[in-house]
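What follows is one structure encoded as structure tokens, with my remarks underneath.
What follows draws every value from the coordinates through simple rules; no lab data is involved. The structure presented is a predicted model; accordingly, all values stated were derived computationally and were not measured. Using ideal geometry, Cβ is built from the backbone for each residue, glycine included, and neighbour counts are taken over all protein chains shown.
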Number of protein chains: 2
Amino acid sequence: MDQNSKPSAIQALGEAVKSIRVAMLTTQEKEGGLRSRPMVCAGLDQDALWFITKEHTPKVAEAQEHQAVNIAFASPEKDMYLSVTGQAQVVHDRKLLQKLWSAELSRWFPQGVSDPDLALLRIDIRHTEQWNFA
Amino acid sequence: MDQNSKPSAIQALGEAVKSIRVAMLTTQEKEGGLRSRPMVCAGLDQDALWFITKEHTPKVAEAQEHQAVNIAFASPEKDMYLSVTGQAQVVHDRKLLQKLWSAELSRWFPQGVSDPDLALLRIDIRHTEQWNFA
């Protein structure tokens, strides 16, 4: 991260992960267009955001081709907005996947945590920006 | 737009513009990183979304260098998410700017509609995707 105030950026991110929950992941298509889609954030550590995804999907293919992605937490109701400029990486770690799994993910992945196509998407945090008008 | 059902896509966008109001605009930096920031959507027509912006800002410079952008409407509270893959263009049209101006924009642009640095950002809609879980 290139933030001067890394702890406060991580703290703000922690609040967004907790209160907004669903982020928009933007990736770049092969043809150059930018696409976004909602994803539940499964975890946050000092350097990265973690998401659970189906591996064989366009978003994972796009994130592997162009690792530069954006994660946007937006809540017009709470008047809170947060942007994460990051680098994406697919991680295969069933133990961590099970640790990060939560019941609400069943809505997105009805086959559950044992679905063999599930993988982790790790977003290395390079830069964050936040807007909090509340 | 490459949607088969253009009228329904525009209708969904119209609902998002009306009910979510604030979108996240993602642009690509010169170095390749993706950044996003909240923006009030000022208007929608059959082919484009319109935003009002300060012209001399990094986002406008980025959108002029890499016209491929994403507009994400996200409301975790309403469980509505919408992605627009688009091409950005700066438009200088004071008459249209005054037409699209609304009082809520004063919060973002305290100098008001006569601020000489204001310009229009037109996002040509190439593709939309929507998720509505409500």
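If R0 is 22 Å, what FRET efficiency do you get for A:E77 and B:D117 from their C-beta distance, rounded to 0.05?
On the way: r = 30 Å, r/R0 = 1.36.
The computed FRET efficiency comes out at 0.15.
To the nearest 20 Debye, how big is the dipole of chain A about its Cα centre, given +1 on the beta carbon of each Lys and Arg and -1 on that of each Asp and Glu? Kindly include the intermediate steps, with their values, before the conclusion.
Numbers: 15 positive and 17 negative charges, 59 e Å.
Value, rounded to 20: 280 debye.
For the cross-link pairs A:K54/B:K30; B:K18/B:K54; A:K30/B:K30; A:K30/A:K78, which exceed 28 Å when the distance is taken from alpha carbon to alpha carbon?
Numbers: A:K54/B:K30 31 Å; B:K18/B:K54 22 Å; A:K30/B:K30 18 Å; A:K30/A:K78 35 Å.
Too far apart for the 28 Å limit: A:K54/B:K30; A:K30/A:K78.
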Only Cα pairs within less than 10 Å get springs; with that Gaussian network setup on chain B, which residue of B:T57, B:T26, B:T85 has the largest fluctuation?
B:T57
At a 10 Å Cβ-Cβ cut-off, how would you order B:F109, A:F73, B:F51, A:F133, fewest neighbours first?
A:F133, B:F109, B:F51, A:F73
Points 7 angstrom from Cα along the Cβ direction at A:T57 and B:D124: gap in nanometres?
3.0 nm
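Order by neighbour count: A:E31, B:E29, B:E77, fewest other Cβ atoms within 10 Å first, most last.
Working: A:E31 8, B:E29 17, B:E77 13.
Ascending number of Cβ neighbours within 10 Å: A:E31, B:E77, B:E29.
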Please list, in order, the residues from region A:33-53 whose amide nitrogen is less than 20 Å from a point placed 7 Å along the Cα→Cβ vector of A:K6.
A:43-50
Two pseudo-spin positions, 7 Å from Cα along C-beta at A:K18 and at B:N132, lie apart in nanometres by 3.3 nm
Karplus ³J(HN,Hα) for region B:20-27 (6.51 cos²θ - 1.76 cosθ + 1.60, θ = phi - 60°; Hz, whole; x = Gly/Pro) runs 9, 6, 9, 10, 9, 9, 9, 10
Using only Cα atoms, find the angle between the long axis of helix A:6-19 and the longest principal axis of chain A, and express it within 0 to 90 degrees, rounded to the nearest 10.
60 degrees
Any idea how far apart B:V91 and A:V90 come out in nm if each label point goes 7 Å out from Cα toward Cβ?
4.0 nm
